[in-house]
There are 2 protein chains.
Amino acid sequence: MFHARGYDAVGVADLTAALDIKPPSLYAAYGSKLGLFERALQSYVETDFLPVGEILATDADPARALTNLFVAAARHYTRNPERRGCMITEAMRADDAEAAAVASAFGERGSKIIHDYIVAHASPEAVDRILDYVLVNLRGLSSFACLGHTAEKLVGCSEVAGGALKAEFAASAAG
Amino acid sequence: MFHARGYDAVGVADLTAALDIKPPSLYAAYGSKLGLFERALQSYVETDFLPVGEILATDADPARALTNLFVAAARHYTRNPERRGCMITEAMRADDAEAAAVASAFGERGSKIIHDYIVAHASPEAVDRILDYVLVNLRGLSSFACLGHTAEKLVGCSEVAGGALKAEFAASAAG
DNA sequence: GGGAATTTTTAGCGATCACTAAATAAGAGC
DNA sequence: GCTCTTATTTAGTGATCGCTAAAAATTCCC
């Protein structure tokens, strides 16, 4: 439910109804709504998170590998109609500051994998802007998936996005 | 306030306190919280919306013009610490479905301007994917601005994003 | 089976949500 | 100044929010 509707739009009443328990049981088990949310994020990371490392290993060419990441994200974020977008990325924008902070901490892990990959393949002064570009694009893809756009559409613009990476890594190799 | 915190996180109590009136006055003037929100969006469009048409007219080269749009967005979305990101783009993701729908209607206007510009400069089969790419990027930029990222960072990845446009419009011109 | 520990529920809590009927105050016209 | 109209406030409404003290039910161990 948190994935489908975000932290703020899901109330304890919704959660207890879905779990078929009463509020004190939820609090006994998870401590708070936020505690349950953290558990849900953890579970998402373990079971449904985009396998970034694996995808980046699919091609020796960094531009192609990162484009594959975009395409995989586009497909991943649209594959389940009940759970569109990236739960973590979307939760980073929760109205509740604590929920947003928790999600950001989880998000840092994925970003680090991508960062390390880019460090290993680009010239030092290009690393930050490539990383930012990749993260901004993933953010946009997740959001568009949530808004209901099709996989086809998102894959299409992911391929376009790959063009920028080609140029950047070519410049890094030449520099 | 709606810009800074979104529709859902701002309550009628916050609004009446800021306007120094009591709730029935707000309802007398605007009909509902949503009514006030629409007015705020309208005001935003008239006073603070990215001047898309003007920016696209800054360069005869479409790739450069659209890159200028990204750069302008990056600067625009970060210029006021109290009002980060694009109010309309962010409101499209409101928890309240009516608020989100109203914001989407406003968003269509900006998208149409960009769409028409791309139709005039790209080959027909590339139009949709370029447009989607541009919109996904703008979405990501707005979101990152809201998350507190610097103008510098966002301008940097906007320039990277422009690389993809160069490739696309070169292909369109060749095709 | 009985007692203690654990789990779950009942029955709320104080706060906030968007909104409103009725009363009061302010403004306009004579 | 008086009366009528308009604007604003007072004093709530019913619903939902995240959460909890106390009571009841269930489980575990002897």
Long-range neighbours under 7 Å by Cβ, at least six apart or interchain, first residue more than 10 Å from chain A (Cβ to nearest Cβ) within segment B:158-175, second not charged (D, E, K, R): B:Phe169/B:Pro62; B:Phe169/B:Ala63; B:Phe169/B:His121; B:Phe169/B:Ala122; B:Ser172/B:Ala122; B:Ser172/B:Ser123; B:Ser172/B:Ala126; B:Gly175/B:Ser123
Candidates B:Ala100, B:Ala65, filtered to the one that is closer than 22 Å to A:Gly140 by Cα and touching an Asp or Glu at 6+ places or on another chain (Cβ under 6 Å): B:Ala65
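When segment A:23-33 is examined, which residues are found to be touching a residue at least 12 places away in the same chain (Cβ under 8 Å) and open to solvent by 30 Å² or more (accessible area, probe 1.4 Å)? Reasoning before the result, please.
Of all residues in segment A:23-33, those touching a residue at least 12 places away in the same chain (Cβ under 8 Å) come to A:26, A:33.
Hit for segment A:23-33 is A:Lys33, nothing else.
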Test: residue in segment B:42-60 that is within 16 Å of DNA strand D (Cβ to nearest atom), open to solvent by 40 Å² or more (accessible area, probe 1.4 Å), assigned to a helix (DSSP H, G or I) and among the hydroxyl-bearing types (Ser, Thr, Tyr): no
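Okay, residues lined up against (1) within 16 Å of DNA strand D (Cβ to nearest atom); (2) within 13 Å of another protein chain (Cβ to nearest Cβ); (3) on the phi < 0 side of the Ramachandran plot:
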site	(1), (2), (3)
B:Leu26	yes, no, yes
B:Ala29	yes, no, yes
B:Asn68	no, no, yes
B:Ala94	yes, yes, yes
Qualifying residue in segment A:16-29 (condition: among the hydrophobic types (A, V, I, L, M, F, W, C), at pLDDT below 95 and closer than 26 Å to A:Gly148 by Cα): yes
Set B:Asp20, B:Asp8: member being within 12 Å of DNA strand D (Cβ to nearest atom), under 25 Å from B:Gly85 (Cα atoms) and either within 14 Å of chain A (Cβ to nearest Cβ) or open to solvent by 40 Å² or more (accessible area, probe 1.4 Å) (or both): B:Asp8
Verdict on A:Gly163 being over 20 Å from the mean Cα position of the chain (by Cα), within 16 Å of B:Asp132 (Cα to Cα) and either small (Gly, Ala, Ser) or modelled with pLDDT of 95 or more (or both): yes
Failed condition for B:Ala13, given (1) within 30 Å of A:Ala91 (Cβ to Cβ); (2) assigned to a loop (DSSP other than H, G, I, E, B); (3) within 13 Å of DNA strand D (Cβ to nearest atom); (4) more than 19 Å from the chain's Cα centre (by Cα): (2)
Matching residues in segment B:131-143 - criterion: being in contact (Cβ under 8 Å) with a residue 40 or more places away in the chain and of a type outside the set (Ser, Thr, Tyr): B:Val134, B:Asn137, B:Leu138, B:Arg139, B:Leu141
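Could you tell me how many of the residues in segment B:130-153 are within 8 Å of chain A (Cβ to nearest Cβ) and farther than 21 Å from A:Leu147 by Cβ? Don't jump to the end; show me each part of the working.
Within segment B:130-153, the subset within 8 Å of chain A (Cβ to nearest Cβ) is B:130, B:132-133, B:135-141, B:143-144, B:146-147, B:149, B:153.
Keeping just the survivors that are farther than 21 Å from A:Leu147 by Cβ gives B:149, B:153.
Looking only at that region, the number is 2.
The values are calculated or read from the model by the stated rules, or taken from the named source; none is laboratory data. Being a predicted model, the structure only gives us computed values, none of them experimental. Cβ atoms come from the backbone with ideal geometry, glycine included; neighbour counts cover every protein chain shown. When the accessible area is computed, the model is the full protein with side chains, heavy atoms only, and any ligands, DNA or RNA have been set aside. Shrake-Rupley method; radii C 1.70, N 1.55, O 1.52, S 1.80 Å.
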